[in-house]
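Inspection log for the structure reproduced underneath, given as structure tokens.
The values are calculated or read from the model by the stated rules, or taken from the named source; none is laboratory data. Predicted model, so just to flag it, every value in this text is computed and none were measured. Reconstructed Cβ throughout: ideal geometry from the backbone, glycine too, with neighbour counts over all protein chains shown.
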Amino acid sequence: MKRREPTSKASRFSEKSKAWKAAVSKFRGALAHRWGDDEAFWPHEDILTGCSEAIIFESLDITGKIDEEVTEQFQNVFLSSLAQHLPVIALQTLGNFRFQRLPDVADHVRRGLPLMLLDSRRRIGCIRQNSDTLALLKADLEAFSEELHAQNRIDQHTMSMLAYVKSVYSNLH
């Protein structure tokens, strides 16, 4: 989507890449298949700049659908090799639809690598440890969920919620 914005890095990259220009219609079809026809739900990230490097994969399978397997395999091998030589920590906040990345988080922890869950939500008050701590936590989460539902919204800050639950639970012990 950022490719259409003339000032975006993706637009500049796309203009200079013959392969990207030739594949625009394929990408549009793959994005529509993956995220639906409403472009509001499509990814809107731009290519990062600054002191970073980018590895870009054309992840379309032979049917023209998005295939994340190659990217995931590369990520696993690349991160595993980095972890052998460098200190590694994963930071996770916000979340994603229906906990789609939770297996990746679990795999990271299962490998013995440190993981820091960040609660990015503004919390009013603090649940103090007492005999009703878990009941208060449950009531707080239910009230928050009801507030979102009243606005016809869903909670996609799943990792923030997990960080919050873990911090309350950790304070019990």
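Say we look at the range 66-82 and pick out the residues that are charged (D, E, K, R) and part of a helix (DSSP H, G or I); which of these is farthest from the chain's Cα centre (by Cα)? Only one residue fits best here, namely GLU69. Can you tell me which residue within the range 47-76, out of those that are exposed (fewer than 12 other Cβ atoms within 10 Å of the Cβ) and aliphatic (A, V, I, L, M), is modelled with the lowest pLDDT? Out of the qualifying residues, it is ALA54.
Close Cβ contacts (under 6 Å, 6 or more residues apart or on different chains) running from residues in the range 100-111 that are outside the structural domain of GLN75 (by TED's automatic domain parsing) and in a helix (DSSP H, G or I) to residues that are surrounded by 12 or more Cβ atoms within 10 Å (Cβ to Cβ) and not polar (S, T, N, Q) comprise HIS108/ALA90; HIS108/LEU115; VAL109/LEU115.
Going by the structure shown, is LEU79 modelled with pLDDT under 80, of a type outside the set (Val, Ile, Thr) and in contact with a His (Cβ under 9 Å, 6 or more places away or on another chain)? In short, yes.
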